[in-house]
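The values are calculated or read from the model by the stated rules, or taken from the named source; none is laboratory data. Because the structure is a prediction, the values reported are computed rather than measured. Because the Cβ atoms are built from the backbone with ideal geometry, glycine has one as well, and the counts that use them run over all protein chains shown. The protein model used for the area step is the full one, side chains on, heavy atoms only, and it has no ligands, DNA or RNA in it. Shrake-Rupley method; radii C 1.70, N 1.55, O 1.52, S 1.80 Å.
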Amino acid sequence: MTLPERQSREELTPRQRDVLERALELLVAGGEKALTTSGLARAANCSKESLYKWFGDRDGLLAAMIAHQASKVRGFTDTGGTMRRDVFETHLRGFAEDLLRVLSGEVSLALNRLAIGQASREGNRLGALLVEQGRRRIDQAATRLLEAGKRSGHIHYDDLDDTYRTLYGLIVRDMHVRMLLGEKGVFGGRSLEAQAAHAIRQFFALYEVREKETAGRL
């Protein structure tokens, strides 16, 4: 049973989120073999019965762990209104910083390495869970932000999916692959925040609406 069938990330209690943090720590420290119900119950100081009640089976626990990790990339709720240009840019930079911070962290690297190692295994669910509970949640929040930016007149695009893939590529580049391979110093001396700001400047250079473009569409 996966997380959506039980409860959303927003419904998790602080205690449940703490348990998920302990689960992620076990995974990073010892790999998949270390992530057992008994081991997690000991590490989190809770009962196995509570774990089954909260998360269901192993897939449910993994789904909850991945969704919890993805929630560290701040989301965006589209209220349908307009927003100022500086507010839109702040949201984009926040998204870029969070994405880089999460992807470069040991937890995400461990989850992705584990999924890659299991990719050819029959019945492997981790890769699918990473897409369903991780990447897809992040993608949906980011595309809502892009739609709000277009509606507010700050950017223009013809294809939302293509525009989002461009944004993601400008932020992440080849850094995640290099990190997965164990390369150090992939930011090249630039801070994470500086890398995020650079990516967003490049994004606006491609998609920002100029005054004469606005006039031409009136």
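Summary table
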quantity: Cα-based Rg / Dmax (Å) for region 14-161; calculated: 17.9, 54
quantity: For Ile155, residues with placed amide H under 5 Å, excluding near neighbours; calculated: Lys150, Val209
quantity: Share of carbon and sulfur in the accessible heavy-atom surface of region 60-218 [1.4 Å probe, %]; calculated: 50
quantity: Selected from Lys33, Lys72, Lys150 as most flexible by GNM, with the chain as the system and alpha-carbon contacts under 10 Å; calculated: Lys33
quantity: Taking region 41-193 and dividing mean pair separation by its residue count, relative contact order in percent (alpha carbons under 8 Å, at least six apart); calculated: 30
quantity: For the chain, accessible area per residue (1.4 Å probe, heavy atoms of protein chains only), Å²; calculated: 53
quantity: Within region 74-158, GluC sites (Glu not before Pro) in DSSP loop having at most 11 other beta-carbon neighbours inside 10 Å; calculated: Glu122
quantity: Sum of side-chain charges, Asp98 neighbourhood, beta-carbon under 13 Å (Lys, Arg +1; Asp, Glu -1); calculated: +3
quantity: Charge dipole (debye, nearest 20) of the chain; +1 at Cβ of Lys and Arg, -1 at Cβ of Asp and Glu; calculated: 340
